[in-house]
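Undergrad: Here it is, the structure in full.
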Amino acid sequence: MEGICKSFPGVKALDGAKLTVKAGTVHALMGENGAGKSTLMKCLFGVYEKDAGRILLDGREVSFKNSREALDGGVAMVHQELNQALKLSVGDNLWLGRFPSVGRFVPLTSEKKIRRLTEELFDELGIKIKADTKMSELSVSKRQMVEIAKAVSYGAKIVVFDEPTSSLTAEEAEKLFEIIEMLKRRGCGIIYISHKMAEILRISDEVTVMRDGKHIATRAASELSTDEIIKLMVGRELGGRFPKKRRQPSGAKLEIKSLSGIGGVPKDVSFTLKEGEILGVAGLDGSGRTELLETIFGLSGRASGEIILDGKAVSNRTPRESIRSGFALLTEERRANGIFGILDIKENTTVSSLKKYSRRFLLNESGMRRDTEESIRKMRVKTPSQKTKIRALSGGNQQKVILGRWLLTEPEILLLDEPTRGIDVGAKYEIYELLEELRAAGKSIIAVSSEMEELFGISDRILVMSGGRAAGILETASADQEKIMALAAKYV
Amino acid sequence: MKRFLALILSLVLILGVGGTFSSCGCMEDGEVSVFYYTYSDAYISSVRGEMDKFLSAAGVNFHNYDGGSNQATQTEQVDTAITKGSRLLIVNVVDTGSDDAAKTIVSKAKAAGIPVIFFNRSVSDAVLSSYDKCVFVGTDYEEAGRLQGELIGKHLSSAYSSFDINGDGKISYVMFKGQQGNLEAEARTKYAVEEANKILTAAGKQKLSFYDKANSSGYLVDQDGNWSNAAANNYMKTILSGYSEAGGNMVELVIANNDEMALGALAALEEAGYNKSGKRYIPVFGIDATEAAKSKIASGAMTGTVKQDAAGMAKTISQIASNFLAGKGALDGISSELAASERRVNIPYSVYKKGE
Amino acid sequence: MEDKKKDNGVPSERLMNDGIFVKIKNRLSEKGASVKRKYGDFMAKPPHDKRSMLAEFLLNNAMYILIIGAIIAIAAMRPRFLSPASLINIISLTAAKLPIALGIGGAIVLTGTDISAGRAVGLTACIAASLLQMPNYLNKMFPELPPIPIPLVILAVMAVGALIGAVNGFFVARFKLHPFIVTLSTQLILFGVILLYLQIGDNGGQTLSGLDDSYLSFVTAPLFTVFGIAVPMYVLYSVIITAIMWVIWNKTAFGKNMFAVGANEEAARVSGVNVFRTIVLVFMLAGIMYGITGFIEGARIASIASYTGQNYESDAIAACVIGGVSFVGGTGKIGGIVIGVLLLQIIFVGLNFLSVDQNMLYIIKGLIILLACALDMRKYVAKR
């Protein structure tokens, strides 16, 4: 791809971007959110029409009109947000749009062939999923595997991975890397988009960095270090990856006593959270980390157990009760249950604290505007105004708005589920700094994360979940990756 | 984007076409506004067809309105027509259950100083006499029911035992009423049975008996008030699932307030294997003499109907309209046999059987 | 300017007027500045962008542009279309149809709908009419009934409407049923209730009429007259109701919660919004609007039958969609609904003025709704 330009009304999203991928290599595409990575890929797939530039595949100029044409042309993509028919089976999803028919002159879909073809494909790739499982019953990582298998089945020459590991556990990521390795051996060129430095450096052969829609550099991965990449991406030096701890945790703040959820997850979990502490929560996908937070917050039903805040038991049966008793939950699925996409920033900020602004029937508009302004400033949200619709912001800024929403409720305990998922490096650092400020102000935080580095970087202690149970709590200072993995496998 | 432009274009086109069609030679204000209670009524549609012919022939600039069986809609249409500068209202009023709807229309016409011709759906004398430029063209609303009853009575007594399927000496019947609270429906329901009973009694037979003893009202009504084929068809199918010859309780006579409902019931009978050549015939009676009913009568599937003269009604109305527009006396040129009073013109009914 | 006249007024009142005046002035200059800025931005754009921005603008406002064009065209062919009598006719029609649309608008903001609205209007109209018949009317439904004060009747029909809404809302919120199914069911139930209600006493399913003059004049008496043409009282009521609804939608916690639930129900739950209560209240508020519509409709038509109110919801839903209340949920403005209802009436009356064939009228109506929805969805699907 060379000299690609694309403008939207008011924005020049791509300005002479270029990217060259060699067969049989992994090429990492890096850049902050808004750098133009996704736009570039959308131009490749014909989702957007490029204004200028050429795309060459095996030396021939190509111009795909839609992703279907791209697939047929040998270019496939594994999306960050998976677009799958969740109510259909794995086999149906794989062969959607090109179902094998019973016979040449019998235009009926053959279930048998679907199953056989799927099994053959999965055997080849070493994937252990049954062809007739419903997609919705699979974990996110397994769905992704299906998506990769689909790309392979089209005989793709170029496979694009957009943040493939953001929803995978370490173990599943390993599996993914194996598959990528295998694709490489088959002679596929791989474009790999990710924010995780460690894996980029590990699996990629070449790295291209973009900034503001422009091509910044293409280097061999072996010549680069994490800090160098960040420098290229941000265009300046960052002080460090994680801010300094400004305060030591003090006395006990929250006590969870043998908490069990209605669905059996979490199961008999107990721990204590100190004032001004950040407790990291590690574990494999499906180990009950999210459920733990949701049960504490009353979003999932609690079967038994006690939640004791400042020595007093709190009920926390519904989110509203939890908010009243001083809890806040930043959910994992920002788009599904975090933001109100079509509402503006003010509405997104104040939705949890409307009571505060109610005078009899009416709302105090000026108070709401003032607090939103304050929140935008404190959270360093980059937005033209508070009337901007939140969906127009980048992921990192959306996350800051939601964090601001919760801080308006003046919580004592913050429950954060993957607080930096899908957020670029610069914004991540800002969020870490915000957490550090909150800790300094005496708030206690429970943070679930799949990124080991993040857990080590921000938490005081790490709670490891395994099979819905608490496998153990480690002091971060004395913890290492092996210890965590060992605990994570304890009840599997 | 092209698709949206196409959509917009198509809309503009339709607006434009609608506009040009109607603007032909009628740029000056002063249409004659004709309001039909609904376009969905088969008989009223035949009146509309005739009326369009007569009014066009008379060179009158007219516009039709569909009330959609809703008095509120019709009243609003009257408002719009008057603000538009209508010269004459011809109204087939929706709501005949009380005087208020007609009264409202009369008062609006009075305020605008334009004449009103009500037709088909009856309006009380009190309303008619409240405004000197107000006339009703309709029928003697009791006459249709009486004629239908007479027809039924004569038909049954001609071969009584052949109609009494279970031989209990009584003819069991079903009656389909078009609308609750409609004067004409009430009268037809009442007099059809009364007149038939009179003739049967005179011939020494038993009175008709309603097929369902539990139903004291003696009729099944179209709950939507549409006098519709579908309503009667649904009722009849339900009846046939519970009443049969084998059970000795078969319905032996079908009476309907109009032909639409008669045909609906007939379709259900035919589906169940009745009223076809070689099969048993259940007598079916309607009112209106629509084309569909006439052909069924010709084939023998339906027994008889009462003819309401659509063309005659349309002709009379257009005559009165022309009189009003020319400033002549309202009923000038109308045969005195038809004029029941100086405000009321009745178009006579006639019986319609096979061979007519 | 305004405070000069009030020189003899209480000083605090003057201050307040000043405050409001300054506020309005600031708002206006803000608006003006933003328009100027936007214009500046626009002029600074390269010609290619300019063209696409213009196309964007035209498409996003296509509905309004089309209708303004239609008004001009109709007025050119039929000047009477813009006569005072005709304008007042359009305004009155709009006022009569506004409350029900305002009610349904809330349900649509929640990504739902309410097809029981028309029957709810029918039932409340029956109740209002039966309670307010002339004392000496022969066919009176409740012959023994003493005259009831009108405000009491209004409260009664509002309560009945609220009850209907509460049932709708309860089933939607508690069992997560789609509002279409819930209100389809209540629509049928309500029709049955209407038929039964009309058979009370000696009424036997007949049309209810013979309404008391105090009721008729309360609703239809002239509010004032312009060029000798009376504007009926219910226009005033409609204006008041619209103002109240505007405050509820924009200035109360309930209103904000409604938009939050419509925009993202799950996020609302996590954010501590009482989703159940919000949904029930939205439907109850809608029910109250139907009650008020029923009350007005009773006197406006003056004869109430079982079909009264039938299909009213379809025009109301169409008006909401034309006015930008999207089925996507979480968006919509009271002003938009008012414009939607007004535009729909302008179209219907206008087409009648053009003497467009009635058969075509239905087709055009359908096309307009389709077009409005398509243009609306265009704003939400990804731009390419």
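Undergrad: Given the criterion buried (at least 22 other Cβ atoms within 10 Å of the Cβ) and either free of Cβ contacts under 8 Å to residues at least 12 places away in the same chain or not acidic (Asp, Glu) (or both), identify the matching residue among B:Ala246, B:Ala289, B:Ala267, B:Ala311.
TA: B:Ala289
Residue by residue, here is whether (1) closer than 20 Å to C:Arg78 by Cβ; (2) out of contact with any Leu (no Cβ under 7 Å at 6 or more places or on another chain); (3) within 13 Å of another protein chain (Cβ to nearest Cβ); (4) small (Gly, Ala, Ser) holds:
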{"site": "B:Lys53", "(1), (2), (3), (4)": "no, yes, no, no"}
{"site": "B:Ala57", "(1), (2), (3), (4)": "no, yes, no, yes"}
{"site": "B:Phe62", "(1), (2), (3), (4)": "yes, no, yes, no"}
{"site": "B:Gln77", "(1), (2), (3), (4)": "yes, yes, yes, no"}
{"site": "B:Val93", "(1), (2), (3), (4)": "no, yes, yes, no"}
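Undergrad: Go over the candidates B:Val91, B:Val116, B:Val174, B:Val123 one by one and state the one that is among the β-branched types (Val, Ile, Thr), assigned by TED's automatic domain parsing to the domain that holds B:Leu208 and crowded, with 24+ Cβ neighbours inside 10 Å.
TA: Testing whether each residue is among the β-branched types (Val, Ile, Thr), assigned by TED's automatic domain parsing to the domain that holds B:Leu208 and crowded, with 24+ Cβ neighbours inside 10 Å leaves just B:Val174.
Undergrad: Next up: How about region B:189-230: which of its residues are hydrophobic (A, V, I, L, M, F, W, C) and more than 14 Å from chain C (Cβ to nearest Cβ)?
TA: Scanning region B:189-230 gives B:Ala192, B:Val193, B:Ala196, B:Ile199, B:Leu200, B:Ala202, B:Ala203, B:Leu208, B:Phe210, B:Ala214, B:Ala230.
Undergrad: Let me ask something else. Return the only residue of C:Gly255, C:Gly192, C:Gly205 being within 13 Å of chain B (Cβ to nearest Cβ) and part of a helix (DSSP H, G or I).
TA: Checking each option against the conditions leaves just C:Gly192.
Undergrad: So is A:Leu279 surrounded by 18 or more Cβ atoms within 10 Å (Cβ to Cβ), free of Cβ contacts under 8 Å to residues at least 12 places away in the same chain and among the hydrophobic types (A, V, I, L, M, F, W, C) or not?
TA: no
Undergrad: Could you check region A:370-384 and list, in sequence order, the residues that are of a type outside the set (D, E, K, R) and without any contact (Cβ under 8 Å) to a residue 40 or more places away in the chain?
TA: Start the filter on region A:370-384 by keeping residues that are of a type outside the set (D, E, K, R), which leaves A:372, A:375-376, A:379, A:381, A:383-384.
Matches in region A:370-384: A:Thr372, A:Ser375, A:Ile376, A:Val381, A:Thr383, A:Pro384.
Undergrad: Failed condition for C:Phe348, given (1) more than 14 Å from chain A (Cβ to nearest Cβ); (2) at pLDDT 90 or above; (3) touching a Lys or Arg at 6+ places or on another chain (Cβ under 8 Å), with all others met?
TA: Among (1) more than 14 Å from chain A (Cβ to nearest Cβ); (2) at pLDDT 90 or above; (3) touching a Lys or Arg at 6+ places or on another chain (Cβ under 8 Å), the lone unmet condition for C:Phe348 is (2).
Per-residue answers, yes or no, for (1) among the acidic types (Asp, Glu); (2) surrounded by fewer than 20 Cβ atoms within 10 Å (Cβ to Cβ); (3) more than 10 Å from chain B (Cβ to nearest Cβ):
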{"site": "C:Ala55", "(1), (2), (3)": "no, yes, no"}
{"site": "C:Leu59", "(1), (2), (3)": "no, yes, no"}
{"site": "C:Ile72", "(1), (2), (3)": "no, yes, yes"}
{"site": "C:Thr94", "(1), (2), (3)": "no, no, yes"}
{"site": "C:Pro99", "(1), (2), (3)": "no, no, yes"}
{"site": "C:Gly112", "(1), (2), (3)": "no, no, yes"}
{"site": "C:Asn139", "(1), (2), (3)": "no, yes, no"}
{"site": "C:Pro143", "(1), (2), (3)": "no, yes, yes"}
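Undergrad: Tally up the residues in region A:15-71 that are under 20 Å from A:His215 (Cβ atoms), aliphatic (A, V, I, L, M) and under 24 Å from the mean Cα position of the chain (by Cα), please.
TA: 8
Undergrad: Condition first: part of a helix (DSSP H, G or I), surrounded by 24 or more Cβ atoms within 10 Å (Cβ to Cβ) and within 13 Å of chain A (Cβ to nearest Cβ). Now tell me which residues in region C:271-284 satisfy that.
TA: Once the filter is applied, which keeps residues that are part of a helix (DSSP H, G or I), surrounded by 24 or more Cβ atoms within 10 Å (Cβ to Cβ) and within 13 Å of chain A (Cβ to nearest Cβ), region C:271-284 yields only C:Thr278.
Undergrad: Would you pick out the residues in region A:435-461 that are touching a Lys or Arg at 6+ places or on another chain (Cβ under 7 Å) and part of a helix (DSSP H, G or I)?
TA: Answer for region A:435-461, where residues must be touching a Lys or Arg at 6+ places or on another chain (Cβ under 7 Å) and part of a helix (DSSP H, G or I): A:Glu436, A:Arg439, A:Ala440, A:Gly457.
Undergrad: Of the residues C:Gly291, C:Gly366, which single one is more than 9 Å from chain B (Cβ to nearest Cβ), part of a helix (DSSP H, G or I) and either of a type in the set (Lys, Arg) or crowded, with 24+ Cβ neighbours inside 10 Å (or both)?
TA: After applying the criteria, what remains is C:Gly291.
Table: residues versus (1) at positive phi; (2) modelled with pLDDT under 80; (3) in a loop (DSSP other than H, G, I, E, B).
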{"residue": "A:Gly34", "(1), (2), (3)": "yes, yes, yes"}
{"residue": "A:Gly53", "(1), (2), (3)": "yes, no, no"}
{"residue": "A:Ser63", "(1), (2), (3)": "no, no, yes"}
{"residue": "A:Ala70", "(1), (2), (3)": "no, no, no"}
{"residue": "A:Leu108", "(1), (2), (3)": "no, yes, no"}
{"residue": "A:Thr118", "(1), (2), (3)": "no, no, no"}
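Undergrad: Looking at region C:233-248, is at least one residue in contact with a helix residue (DSSP H, G or I) (Cβ under 7 Å, 6 or more places away or on another chain), within 14 Å of chain B (Cβ to nearest Cβ) and modelled with pLDDT under 90?
TA: no
Undergrad: Mind checking which residues of region B:200-216 are surrounded by fewer than 13 Cβ atoms within 10 Å (Cβ to Cβ) and within 26 Å of the chain's Cα centre (by Cα)?
TA: Passing the criteria: B:Asn215, B:Ser216.
The values are calculated or read from the model by the stated rules, or taken from the named source; none is laboratory data. In this text, all values refer to a predicted model and were calculated from it rather than measured experimentally. Here Cβ is always computed from backbone atoms with ideal geometry, including for glycine, and neighbour counts include all displayed protein chains.
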